[in-house]
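Each remark here refers to the structure printed beneath this line.
The values are calculated or read from the model by the stated rules, or taken from the named source; none is laboratory data. The shown structure was predicted, so the numbers you read here are calculated from the model rather than taken from an experiment. With ideal geometry, Cβ positions are generated from the backbone for all residues, glycine too; neighbour counts draw on all protein chains shown. Quick note on the areas: whole protein, heavy atoms, side chains included, nothing else; ligands and nucleic acids left out. Shrake-Rupley method; radii C 1.70, N 1.55, O 1.52, S 1.80 Å.
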Amino acid sequence: MMDEASLRSEMVRLARSLFERGFSVGTAGNISVRLENGLLMTPTNSSLGALEADRISRLDDKGNLVSGDKPSKEVFLHRAFYQTRPQAGAVVHLHSTFATALSCLEDTDPNDCIPPITPYVVMRVGKVRLLPYEPPGDEAMGDHIRNLNGDAAAVLLANHGPVVSGKDLHSAVYAAEELEETAKLLVTLRGQKVRHLNNAQVDELSRRFSDMK
Ligand code: 13P
């Protein structure tokens with residue numbers, strides 16, 4: 001595992017990269033990384049394009065602020081992933097356009113929001129569940145995530161946006177990007193006959209690339 005100083009500077013670098021490529025606008029989105037005894041979390045109302053390493057919030061394992069600025073209001077949501085997915089080392093929440101579009105569509109399948117149309121979304125993201133709408137920062141979202149019992153590495157929050165966990169910071173960011181690009185394909189392909197990967201192809205990918213999430 002990277003040391004805390006390197007994690008902080010990677011959070012700044014990757015967050016800025018997401019912002020500069022339009023995956024996040026304004027102060028939307030937040031990122032956390034699990035530490036041995038707590039987590040690092042982007043501060044509330046901060047732009048992912050302008051984080052400062054020494055102002056990133058550090059929380060203890062009970063969620064109390066130890067140092068840095070006030071943490072994201074979505075800290076409940078991030079902690080719920082860590083509580084239910086021991087393999088999760090980082091969590092990324094975005095309001096990226098196409099994943100958020102899918103989270104608003106009436107006919108998005110709540111048990112499988114991102115069907116397997118390309119290998120990388122299977123390898124990096126897996127099955128994505130839709131969770132009911134709650135206002136941003138509402139603790140109820142933590143309960144919805146805990147109710148999944150760790151079965152999904154990624155979810156869409158209805159009418160809000162995607163949340164993606166990964167084994168480490170880089171995996172979580174890459175998975176959030178892959179999810180957004182796949183959502184863009186799905187919206188682009190709406191109304192057309194689309195060939196999905198079949199169950200055997202999905203199973204083979206999950207077996208061969210089980211270490212990517
Ligand atoms: P924070 O600024 O508190 O992280 O909230 C931003 C956000 O994306 C809410 O969903």
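Condition check ((1) under 24 Å from Arg146 (Cα atoms); (2) surrounded by fewer than 16 Cβ atoms within 10 Å (Cβ to Cβ)) across all residues:
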{"site": "Leu51", "(1), (2)": "no, no"}
{"site": "Lys73", "(1), (2)": "yes, yes"}
{"site": "His78", "(1), (2)": "yes, no"}
{"site": "Val91", "(1), (2)": "yes, no"}
{"site": "His95", "(1), (2)": "yes, no"}
{"site": "Asp109", "(1), (2)": "yes, yes"}
Exercise. Residue check, Ser32 against (1) within 16 Å of the ligand (Cβ to nearest atom); (2) exposed (fewer than 13 other Cβ atoms within 10 Å of the Cβ), all met but one. Which one?
Worked result: (2)
For this session: Report yes if some residue within the stretch 114-134 is within 14 Å of the ligand (Cβ to nearest atom) and open to solvent by 30 Å² or more (accessible area, probe 1.4 Å); otherwise report no.
Result: yes
Exercise. Just for the stretch 185-203: of the residues that are aliphatic (A, V, I, L, M) and in a helix (DSSP H, G or I), which one is surrounded by the fewest Cβ atoms within 10 Å (Cβ to Cβ)?
Worked result: Ala200
Exercise. In the stretch 26-50, which residue that is among the hydrophobic types (A, V, I, L, M, F, W, C) and more than 16 Å from the chain's Cα centre (by Cα) is farthest from Leu77 (Cα to Cα)?
Worked result: Ala50
Exercise. Do any helices (runs of 4 or more DSSP H) lying entirely in the stretch 4-119 carry at least 3 residues that are without any contact (Cβ under 8 Å) to a residue 40 or more places away in the chain, and which ones are they?
Worked result: 4-20
Exercise. Do we find that Ala153 is buried (at least 16 other Cβ atoms within 10 Å of the Cβ) and hydrophobic (A, V, I, L, M, F, W, C) in this structure?
Worked result: yes
Exercise. What's the number of the condition Ser96 fails, among (1) more than 16 Å from the ligand (Cβ to nearest atom); (2) under 16 Å from the mean Cα position of the chain (by Cα)?
Worked result: (1)
Seminar exercise, completed: If you go through His144, His170, the only one that is open to solvent by 20 Å² or more (accessible area, probe 1.4 Å), under 19 Å from Ala88 (Cα atoms) and within 15 Å of the ligand (Cβ to nearest atom) is His144
Seminar exercise, completed: Inside the stretch 120-147, the number of residues satisfying the requirement of being assigned to a loop (DSSP other than H, G, I, E, B) and not aromatic (Phe, Trp, Tyr) is 11
For this session: Mind telling me which of the residues Leu14, Leu7, Leu39, Leu18 ends up being within 13 Å of the ligand (Cβ to nearest atom) and either surrounded by 21 or more Cβ atoms within 10 Å (Cβ to Cβ) or modelled with pLDDT of 95 or more (or both)?
Result: Leu18
